[in-house]
Amino acid sequence: MNEFARDVDVVVVGAGQAGLSGAYHLRRAGLAPGRDFVVLDHAPRPGGAWQHRWPTLTYGKVHGMHALPGMELTGADPLRPSAEVIGAYFAAYERTFELDVLRPVDVTAVREGEGGRLLVESSAGAFAPRALINATGTWDRPFWPRYPGQETFRGRQLHTADYPGPQAFAGARVVVVGGGASGVQHLLEIADVAAATTWVTRRPPVFREGPFGEAEGRAAVALVDERVRRGLPPRSVVSVTGLALTDAVRAGLASGVLDRRPMFDRITPTGVAWADGSSAEADVILWATGFRAAVDHLAPLHLREPGGGIRVEGTRAVRDERIHLVGYGPSASTIGANRAGRAAVSEIRRLLAREPEPALAEAGAF
C-alpha cells in the first residue's frame, strides 16, 4: 500500500469528451464512481476544452461535435455560444450518470507506486490506482513558435487559447499565423472589423471539396495512428483532412481575406518581414498554431520514445500497460474519444481481472 495514498482501481485524469466517455464505460463495467474509480479535472467547471471557446463560436458553427455515449445532445439553440451549450450538456451528463468529478484538481505527477500500483499526486491528495486513463487533451499546452525579433514586437501577441472574439481587434492590423481551421475561423471573423489582415502559414493550405464520409475519416485517422504507433508526437486528425471548402471559406477566398502568404523570416518592432524585403505592419500577431499533448505529468514513468511521442497500441501505452491515453493522437476527435474510452475500459477490465479485488469479485463486476 502507498502510504497516505487512497487505493482505487482506476484514476481518470480529465473530464472532457474522452475522460467522460471513459468514466461512463467504467461505470457500465460495474465500477462505482468515487469508490472504485475517481475522475480528476483541472477545469473549474464542466465542459472540457469547449468551455474556453470564444463567444462567437456558436453551436451552429461547430463541426463534428459527437454526443457522449448513452445520452444525446438535443434541442440546442444553434445561435447560443458553443461553450455554454456543451458546458451545460457535460454538466447534465455528469449528473445523470453520477460521475462525481473532483474539480478543480491539478495532477502534478504520476509515478511508480508500491505493490504494482501507480501513484497519482494531485492537489486533491494522492491516489494509488491499478490503472490510469489519461484524458488531458491539449488545451493547456498551446504551441508558440519562436522567430527572430519576437521579443522586440511592440504590439500584442496572443494565441488561439486566448482568443476573445473579433471585437477585440476592431481597427487593428492583424497578422494571423496558422493554416488550420481555427486560423481560418479567426480570419473570417476579424476581417469584418480589422483595419487589415494578413494570413501566414508554413505550408500552402489544402482545401477539401466534396463529401467527407466514413471511408475518408478512417483514412485520416489511420495516418495519425501510424505516427503514434511509431512513437512520434501525434498530429491532429484535422491536420491530415484539409480545410472544408464551406460557403464562408469560398467567400473569404473570393474577397482576398484568405490570400495566404508564406511564413515570415523575422518579427520587427512594428510587424513582420520576409527575406525578399517585403513586410507587413501589425498591431497584433495572433498565433493559431495549435496545441501539444498535455502529458508532462506522466514524465516520471518514462513513456516517451526517442521520437518524442508516447508509443500507443490502441489506447495502451506500449511501455506501461496500466496507462491508457484517450483523446490522444487518433482519438483526438469527439467520435474518436468515445470509441477510445470504450476500448480503454475493455483492456483495463482484462488487466484488473488478472488479480481481482475481493469486493469487485463478489460484486460480479468481472
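Extending 7 Å from the Cα toward the beta-carbon at both His66 and Arg292 defines two label points whose distance is 2.7 nm. Thr268 sits among other residues whose Cβ lies under 10 Å from its own Cβ, and their net charge, with Lys and Arg +1 and Asp and Glu -1, is +1. Since only Trp54, Asn338, Val184 are under comparison, the one whose Cα sits farthest along the positive direction of the charge dipole of the chain, derived from C-beta charges on Lys, Arg, Asp and Glu, is Val184. Applying 1/(1 + (r/R0)^6) with R0 = 25 Å to the Cβ-Cβ distance of Ala92 and Glu321, what FRET efficiency is obtained, to the nearest 0.05? The computed FRET efficiency comes out at 0.15. Placing +1 on the Cβ of every Lys and Arg and -1 on the Cβ of every Asp and Glu, with nothing else charged, gives the range 30-150 a dipole about its Cα centre of roughly 340 debye. Summary of the geometry: the range 173-212 and the range 248-271, compared by the centres of their Cα atoms, lie 7 Å apart. Taking a ≥ b ≥ c as the square roots of the eigenvalues of the Cα gyration tensor, the range 97-183 is classed as prolate, since a/c reaches at least 1.5 and a/b is larger than b/c.
Taking 7 Å steps out from each Cα toward its Cβ at Ala124 and Ala251 produces label points 4.4 nm apart. Charging the Cβ of each Asp and Glu at -1 and of each Lys and Arg at +1, and nothing else, the dipole of the chain about its Cα centre rounds to 640 debye.
Using the rule -39500 (n - 2.57) for each DSSP H run of four or more residues, divided by the residues of the chain, the 222 nm mean residue ellipticity is -7500 deg cm²/dmol. A cut-off under 12 angstrom between Cβ atoms defines the neighbours of Arg349, and their net charge, with Lys, Arg +1 and Asp, Glu -1, is +2.
Calculated FRET efficiency, Phe207 and Arg35, Cβ-Cβ r, R0 35 Å, to nearest 0.05? According to the calculation, E is roughly 0.10. Considering only Ala196, Ala5, Leu158, the residue lying farthest towards the positive end of the dipole of the chain is Ala196, judged by Cα position with unit charges set on Cβ.
How much net charge surrounds Arg173 when only other residues with a Cβ under 9 Å from its Cβ are counted (Lys, Arg +1; Asp, Glu -1)? It works out to a net charge of -2. Between Asp192 and Asp106, the contour length at 0.36 nm per residue exceeds the Cα-Cα span by 27.0 nm. Each Cα pair under 8 Å and six or more residues apart adds its sequence gap; the mean of these over the residue count of the range 85-133 is a relative contact order of 23 percent.
Mean sequence separation of contacting Cα pairs (under 8 Å, at least six apart), scaled by the length of the range 3-128, corresponds to a relative contact order of 31 percent. Amide H contacts under 5 Å for Leu245: Arg208, restricted to partners 5 or more places along the chain or on a different chain, H placed in the peptide plane at 1.01 Å from N.
Since every read-out is calculated from the coordinates, none of them should be taken as a lab result. None of these values were measured; they are calculated from a predicted model. Using ideal geometry, Cβ is built from the backbone for each residue, glycine included, and neighbour counts are taken over all protein chains shown.
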